[in-house]
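Take a look at the structure set out below.
We did not get these values from a lab; they are worked out from the coordinates using the rules stated. Everything quoted here is computed from the prediction, not taken from an experiment. Please note: Cβ atoms are built from the backbone with ideal geometry, for glycine as well, and neighbour counts cover all protein chains shown.
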Amino acid sequence: MSWERILETIRSFDGVLELAPSAGSEYPEIAWGDHFFYYAPDGEVPQNRQPFATIVTKDYPGDDASRLDPGGRWRLNVHVGSRRSAELLQEPAAAERDFGETDAILPHPVYGSLGWIAVVDPGPRTLETVLSLLENAWADDRARVERRG
């Protein structure tokens, strides 16, 4: 349920480009089945910045603490910035966290120090918060693009 609601919400934002590599595409096989979201009203994948949010469906090399393999679990990642991340994550240090916990807002297991949060299988406890965080992340990305443009 929340997967569809999250995708529907992100897709409703003006100027969003969703990159969703599939089997056989020109993108690396590791990215197949995942989603990467940018503010890109020109429809071109930005070459000089990261997405504002991603959905990953599997463990990546060096990023397996969420325990997404062997499948069936997924993780929403949202860039919220360092200040907002600190406000959201006033609990144990990263070393003490269970990054595989579901329906909990956690620091991203790899990029948490860069202002990224992660939620494995968002559900009733986190869904409304992550929808708001996604809108803010999109607005921040849009503002950066417009400022640079």
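Some notes on this structure:
- Applying the condition of being without any contact (Cβ under 8 Å) to a residue 40 or more places away in the chain and polar (S, T, N, Q) to region 1-52 and asking which residue is surrounded by the most Cβ atoms within 10 Å (Cβ to Cβ) yields Gln50.
- Enumeration of residues in region 87-96 that are over 17 Å from the mean Cα position of the chain (by Cα) and assigned to a helix (DSSP H, G or I): Glu87, Ala94, Ala95, Glu96
- Residue match in region 113-129 (condition: surrounded by 12 or more Cβ atoms within 10 Å (Cβ to Cβ), of a type outside the set (Phe, Trp, Tyr) and more than 25 Å from Asp59 (Cβ to Cβ)): no
- Failed item in (1) at negative phi; (2) charged (D, E, K, R); (3) in contact with a Ser or Thr (Cβ under 8 Å, 6 or more places away or on another chain); (4) touching a residue at least 60 places away in the same chain (Cβ under 8 Å), with Asp121 passing the rest: (1)
Each row is one residue, and each column tells you yes or no for (1) small (Gly, Ala, Ser); (2) in contact with a Phe, Trp or Tyr (Cβ under 6 Å, 6 or more places away or on another chain); (3) outside any helix (DSSP H, G or I).
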| site | (1), (2), (3) |
| --- | --- |
| Asp98 | no, no, yes |
| Ala104 | yes, no, yes |
| Val110 | no, no, yes |
| Ser113 | yes, no, no |
| Ala118 | yes, no, yes |
| Pro124 | no, no, yes |
| Glu128 | no, no, no |
| Glu135 | no, no, no |
| Trp138 | no, yes, no |
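- Considering only residues in region 68-112 that are of a type in the set (S, T, N, Q) and surrounded by 19 or more Cβ atoms within 10 Å (Cβ to Cβ), the one that is farthest from Ile10 (Cα to Cα) turns out to be Ser85.
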